[in-house]
Every structure is written in structure tokens, then in C-alpha cells.
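Note sheet for the following structure.
Every number in this text was worked out from the coordinates using simple rules, so none of it is lab data. Because the structure is a prediction, the values reported are computed rather than measured. Cβ placement follows ideal geometry from the backbone for every residue including glycine, while neighbour counts extend to all protein chains displayed.
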Amino acid sequence: MRRSPARLVIALSVAAVLAVFILYTSVAGAGTPQIQPSDLARHQAGDVMLVGRVVGAATGDAHASGGLHFVLRNVQGDKSVTVPVSYSGTVPDLFRAGREVVVEGSLHNGTFVAKPGSLSTKCPSKYAPAKKST
Amino acid sequence: MAALGRAALLLSFGLVLYALVAGTLAAWQRRRRLALSAQNALIAAFGSTVVAALVLWSALARSDFSFTYVAEHTSRALPLGYRLAALWSGQEGSLLLWLLILTGYSALAVWLNRRTRDLVVWVVPVLAGVASFFVFMLCFISSPFRTAAAPGDGAGMVPSLQNPYMLAHPPLLYLGYVGLSIPFAFAMGALLSRRTDERWIVVTRRWTLAAWTFLGVGQLLGSHWAYVEIGWGGYYAWDPVENAALMPWLAATAFLHSVMIQEKRGMLKVWNMVLVALAFCLSIFGTFLTRSGVINSIHSFSQSPLGGWFLGFIVVCVIFSVGLIYLRLPLLRTKTKLESLVSREATFLYNNLLLVALCLTILWGVVYPLLTQAVTGETRSVSKPYYNFFLHSFGLPLLLLMGIGPLVAWRRASLRALGKTFVVPAVAAVVTGSVLIALGYGSSTPGLLAYTFGAFVAASIVLEFVRGTRARRALSGGSWPAALAELVGRNRRRYGGYLVHASILMLAIGIAGSSAYQTVRERGLHPGQSMNVAGYVLTYQRLEQRQESNAVATRAVVDVSRGGSHVTTLHPGKNWYPVEQMPSNEVSIYHDPRNIGDLFTIADQIDAKSHTLFLKVLVKPLVNLIWAAGFLFVFGALVAMWPDAVEQRRLAERYAPGAAAA
């Protein structure tokens, strides 16, 4: 009995998809690590996504040559661990002390140097109502 | 009032629980009166849920801050429209909206199909089961009717939500998400009742199409909202929460295409069951993503215990649907086989595989951080390059198939016939590609391929309309417009589908143009200074400040000229919301009819003391095709959905009692 070519098409397509995926993950890169300030010591080389909470006021100007400077601390675990960050580019509206942010870059001489324009704040959209300061 | 809301929800819970238990018992034991009673209970649950929703809406409208939900999501300064929209701006309210839509859809679906008793008898307990989960969450886990001592004012609404899109985007998405419950329930009902013929597909075709349309339009409105409100110049960021809506839409797109093969050839019965279950489970998965906080997203939904409940519900749904499909496999076997790899059904199959592959690779990207955390102990995430790679790998062939599929014959097509059919679209594609390369637009390979394939699809759609209209005119005479209207009117589903294809084509062209060929410039400016961007000269004149109803608005006045002539004046700036203590970027856009694009300005930084402005400018050609595509998408979907008396008669005869045996 002649078998339907549909099975062959499906099998080949699934195999092709898997092959493309394996190729992508092994050749083009397998994602960027998302870490907290306390994990930076283990990631001296290469870019990482640093997730942290802004401590204190930021100084400098994100659009000037010196850039914007602020400090991030761990969001979870040991909250005393901090790292200074140097950043230039667009600063999201919601960036401020106490806000959780994500920034991409790498560690240089104890300072996390961010890629320009890579700073994003977690948008407190629905389900996270703004709390009134008392 | 809060007590009334709680009571209404408890009543809904009792009713859907009754519909679940009594409905199952009635279907199992074939007890008609009990089945009717279960149906009525499900319909009545809609009534009690309406009461609960009205109670919350009333509290929001009256700013009754004794309701904790109202105090947490609104303020007295908030305009009435946003106060009412706050029903879906919080977790508890969103769940209530979900239940309201679900019970409304369920009541309508059951009532409309009350005559197809053998199928509906099992649909009722499935829908009641889904509703039971949501009403349980509302009654016992996340109640919108919690009360406390009323504060003087509420916390207000996040500024980015204070946008007219807030009134439409979330409800449309919910109409889409929840709408996928109906085809799922009918599919499971068909399996439970052992009626695995095409009837469940016929019954739910418009439901699926409507849910798919709502989901599509909801996403498009969300993209436009992000485009005009967030102030980053983009419209889609591959964020997990955005992907959560895209995945079920892709699965539903595959389903809408594959059901045509089942209707026409009786094939892909198992595949269709899998797709409808996948679309439904992915719609619940999206909610799990937003509630659990397990994925790092720019949409910071508060972490809550709801995530675990939703995960449990997804597991139950997956086990239930996979188990049921497995048990009914003997009933889902088809006699018809695919006759050729070059046929309409084969191209639909390729389309399905690409859509599902795209959906699953997006799913993989979304859960990748969780998987890497579980396997390596370190969270790693994939970003835009990963998604773009797969969008290009699967999306571009999909675009091409959109032009090929409708023109290939069912069962088997000869290469000679194909050559004849595709000569015009192929010439259009080659000419378009060559012209673009000659004009210097060959720098982006995906962009070039998108336009080349787009020309192929456009030519094939136009050709179909021309051929059809010519044939109709030859048959019935009359003018060309009359023949075209008659053609579409008599083949609504087919030509509605072509219109939707045309809208997807516009979307693809808009995305390719605005991303592959955009120009971005940024610069600090003092009053009187100018900057040049892609032929425009932007001159910063001054700052202005005004008081709005709920915010203080600061605007930069920027004159735009081109070739020495004044074009427009733009007002990018920022709003300050005193109640919420938050700023908000307010972009200013000039829609350029010459390139159907935008001149998009963002006041990245304003120094009110020195009056300096850091201006970011984006020129995005063809971007308005994306939004225009939305109108054509809705129009095409409406044409395809519009009731057709001839089709109704044909289907009624086909599925009339005894028809199968005849």
C-alpha cells in the first residue's frame, strides 16, 4: 500500500526546524545571561543583561560625554551587593531611585559600562498600581 | 454594594459548577431535561456575572474608595472613561472581565446551537469547567470586592495607561483570548460525543474567525499604543507579554487554514484537534505569564499566587485535551490521503507547518530563560536577533505561500498549469526586486525579499479578483463594479480571505519598510538651533507649558521644513502626573503622505531651566501601511464572516439528520 507523502513532509519539516534551531543556538549564540550585581564577578567577559534596583540619585547627563552614573543593587538575595553603572543614551521616563531596571553591557574595572540606549525600566503597567508616597 | 458583587460571583460559581456536574451527568446518561437545565444554568451565570461587573463599574464611576480595587487603580482626578476602563487595569478586574466575556460567549454559543443537541450537550460541561476555574479564582483567590476604610483619594492609574487605547486594546485582546474557548469547547464536545465529523468546525468557524480577528486587532492597537505612547519609536519589542498574544494568534491562523482542508477533503482531523487545543492552551499560557512573574518582561505585572493556579489549570487542560484526542484517535482517522505535494492542500500544510514552527520557536524564546535556569542554574534570555532570525526564516516563506496557495488546484496540479498560473505574479516579483536593487534598496536582504515576495502575492490577489470579476461579468453582464460586488457577495469566505491576505501583505510591507529603511538621528538643541534628518530640517523654537485635567504638559515647539518650505510644527514633550508622581513621554508625529511614513519626534530630555532639548528623530517610511492594514484586516474578516444564506442552506442539508447515511 502506498503511504501518504504527508508523513514525509511533516517529518522533514520538523527535522528542518530542529536543525535550524540547533544551528542558531550553537552558531549564532545561545542568549545573553540575565544576572544580578552579585553575579557579575562570574561574568567578567562578554555582555550580560544586568537586572537591578536603582539606589539613590543618578548623577551626570546621559547625553553628555561623561554619561549618566547610578548604582544598582540586587533585587533578590543579598541586597547589600551593589555595582556602579555608567550609561549614555535614552533614559526611560520611569527611571528613578527604587525602580527595577535592566541594562546590557559588561564590567570594566569595577564599573558596569552599559551599551548606549540599552537601559529599560520595567514598565509598571497593569497589575502593579502606583503606590502613593506618604 | 461590595456584598452584592460578592454574592453575584458566588451565584455564578454555583451556577457554573451545577452546569459542569449536571451537564456531565446529563451527557453521560443521555438525560435531556437535565442537559437543558445545565444549559440554562450556564446562560444564567452570564446574568449574575453581569451584575458583579456592574457593581464594580458602579464603584469605579462613583470613586468609591472603600473598594480596595478602586482605591488602588483610580483617583478622583482620573477622567470617567479611564475610571471605567480601570475594570481591566488591575488583576482582579481583568479576571472579572475574562469571566464576563466567557459566560457571555458561552451563553450565546449554547443558545445559538441549541438545536445541535448531541454536540452541545458535551460543550456545556466543557465551557462550565473553564468558567468554574475563573469564577473560583474570583471568589476565593483574587476578589475585586475586597473592602477597607476608604482613603481620601486613590493611587491613580499609571500614566502610560491613560491613553484612549486603554479603552479598546485590553478588551479586544480579551475578546480574542476568551473567544478561543468556544472552538476548543466544541472540539472537545465533538470528541466526547464521538461526533468527529466536520460539524463542530462548521459550527465554530465564525467563532474562531471572530476570536482571531479580535486578537489580531487587539495586538495591532497595542502596537499603535506603544508606538504613540511609550516614546521609543517602535511598535513591537518581542517582549514575552506581547508574544503571549502573538502565539495563540499564530496557532489560530494555522487552524483557520487547516480546517478548510478538513471541510474540503476530510483530512487533518487530528491536526485540527491539536491546533485548537494548542491555541486555547496558549491563550491561558499568556495569562499565566502575566500573572506569575516568572518571565522577565518590561511589562511589570505584579507577582501573585495566581501564577501557580494558572499553571495547574494549563496542565489540566493539556492532559484533558491530549488524553481525549488519544482516546478518540480511531474516530479521527481519515480515508483521504494527500495525493500530491503540489496541490492546494499541500500548500496549506506547508503554511501550517511554518505557522506552528514560528509559534513554537517564539514559545521556546519565551520559556528559554526558565529552561536555562532549570538546566544550567543561570538565566539566559534570547532577544530581538533570535526572534528576527526566525521571523525571516519562517515568515518570508509564509508570505510567498500566501500568494501560491490560493492559486494551486485541489488534489493535484501539473507543473504546466502552475507555470501558466504564476507567470504574471513571478514577472511582477522579478521586476519589483530588480527595480529595488537598481534604486539602491538592496542593502537589506530580508527587506528586499519581503518586497519581492510581496509583489508576487499582490499580483496573485489582483489576478484572482480580475479573473473572477471577468467571469462573473461574462455570466451576468453589468458593470465591472457590480460584477466585483456580486463576485465577493457570492464567495464571501474566499474573497474575504483574499482581503485579509492583502492586509497581511500591507503589514509585511509596512514592517519591512519602517524597520529596514528607517533613519534615526538625535541631538541636543538650544532654541533656534536646527538638525537635518532624511531631507527634513527641524528647528527647535521654544518650550511651552500648560495645565491639563490630570497632568502638567511641557512641550517643545519644533518647526519642520523641507526644501525651504514649511511642512508642519511638531510638539514633542513630557507630561507630569502629580497624583501618580510620574512623568510620561509625549511624542509628536508628522504623517508624510509622500512615503506613507512618519517623521517621529521624541523629546528625550528637556531642561526647563536652560530650555535645552535633546531631540530624537526617526523617519519611518511606509509605517502607516501597518495601521491601514488593520482596517483592511477587519473589513476582510467581516466579509468572510458575514452570514451567507446559500451556504447555510447547503450546510443544513449536509448535516441534516439522515444526510450522512443518504
> Taking the inverse of the average 1/r across all pairs of different Cα atoms in region B:1-148, what Kirkwood radius in Å do you get?
Replying inline: 15.6 Å
>> For a quick check: sort B:M188, B:M1, B:M582, B:M247 by the number of other beta carbons within 10 angstrom, fewest at the front.
In response: B:M1, B:M582, B:M247, B:M188
> Which distance in nm do the two modelled labels at B:A149 and B:A417 give, with both placed 7 Å along the Cα-to-Cβ direction?
Replying inline: 8.0 nm
>> Quick check on my link table: of B:K420/B:K620; A:K79/B:K609; B:K384/B:K616, which ones sit more than 31 Å apart, alpha carbon to alpha carbon?
In response: B:K420/B:K620; A:K79/B:K609
> Which semi-axes, in whole Å and largest first, does the equivalent ellipsoid of region B:474-566 have when worked out from the alpha carbon gyration tensor as the square roots of 5 times its eigenvalues?
Replying inline: 49, 19, 15
>> Can you tell me how chain B classifies by the Cα gyration tensor, rounded, prolate or oblate, using a/c under 1.5 as the rounded cut?
In response: oblate
> Measuring from label point to label point, each 7 Å out along Cα→Cβ, what is the A:L18 to B:T569 span in nm?
Replying inline: 6.5 nm
> What FRET efficiency would be calculated for the residue pair B:R650, A:N109, taking the C-beta separation as r and a Förster radius of 56 Å, to the nearest 0.05?
Replying inline: 0.15
>> Please list, in order along region B:524-536, the HN-Hα scalar couplings obtained from phi with the Karplus expression 6.51 cos²θ - 1.76 cosθ + 1.60 (θ = phi - 60°), rounded to whole Hz, x for Gly and Pro.
In response: x, 10, 9, x, x, 7, 10, 9, 9, 9, 6, x, 8
> If contacts are Cα pairs under 8 angstrom and at least 6 residues apart, what is the relative contact order of region B:519-620 in percent?
Replying inline: 26 percent
> Among the aspartates and glutamates, which fall within straight-line cross-link reach of B:K269, defined as a Cα-Cα distance under 12 Å, with same-chain neighbours fewer than 8 residues apart omitted?
Replying inline: B:D197, B:E198
>> At 10 °C and a viscosity of 1.306 mPa s, what translational diffusion coefficient does Stokes-Einstein give for the protein assembly as shown, taking Rh as the Kirkwood radius over Cα pairs? Give it in µm²/s as a whole number.
In response: 55 µm²/s
> In nm, to one decimal, how far is the B:A374 label point from the B:S530 one, both placed 7 Å along Cα→Cβ?
Replying inline: 6.0 nm
>> Sorting check: for B:619-626, B:175-182, B:486-493, which peptide has the highest mean count of neighbouring beta carbons within 10 Å, and how do the rest follow?
In response: B:175-182, B:619-626, B:486-493
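Return a whole-number percent for the relative contact order of chain B, with Cα pairs under 8 Å and 6 or more residues apart as the contact set. Please list the in-between numbers first.
Details: 1118 pairs, mean separation 66.9, N = 662.
Value for chain B: 10 percent.
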> Non-local amide H neighbours of A:V75 (under 5 Å, H modeled in plane, Pro and chain starts lacking H): which ones?
Replying inline: A:R53
> If you keep only loop residues by DSSP, which trypsin sites (Lys or Arg not before Pro) in region B:1-83 have at most 11 other Cβ atoms within 10 Å of their Cβ?
Replying inline: B:R30
> What's the Cα-based Rg to Rh of region A:34-121, Rh via Kirkwood?
Replying inline: 0.92
> How much FRET efficiency would the formula 1/(1 + (r/R0)^6) give for B:Q541 and B:L36, where r is the Cβ-Cβ distance and R0 is 41 Å, rounded to 0.05?
Replying inline: 0.05
>> Please list 3J(HN,Hα) in residue order for region B:12-22, calculated via the Karplus relation 6.51 cos²θ - 1.76 cosθ + 1.60 where θ = phi - 60°; whole Hz, with x for glycine and proline.
In response: 4, 4, x, 5, 6, 5, 5, 4, 5, 6, 5
> To the nearest whole number, what is the average tally of beta carbon atoms from other chains within 10 Å of the beta carbons of peptide B:375-388?
Replying inline: 4
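Express in nm, to one decimal, how much length is gained between B:L10 and B:V430 on full extension, taking 0.36 nm for each residue of separation and deducting their alpha carbon distance. Show your work: numbers first, answer last.
Working: separation 420, 0.36 × 420 = 151.20 nm, distance 6.40 nm.
Contour length minus the Cα-Cα distance gives 144.8 nm.
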>> Amide H of B:S381 versus every other amide H placed in the peptide plane: which residues, excluding those fewer than 5 positions away on the same chain, fall under 5 Å?
In response: A:T32, A:Q34
> If you plug each phi of region B:98-107 into the Karplus form 6.51 cos²θ - 1.76 cosθ + 1.60 with θ = phi - 60°, what whole-Hz ³J(HN,Hα) values come out, in order, with x for Gly and Pro?
Replying inline: 4, 5, 4, 5, 4, 5, x, 4, 4, 4
>> How shielded is A:54-66 by partner chains, expressed as the average number of their Cβ atoms within 10 Å of its Cβ atoms?
In response: 1
> How high is the FRET efficiency between B:L329 and B:N163 when r is their beta carbon distance and R₀ equals 51 Å, given to the nearest 0.05?
Replying inline: 0.55
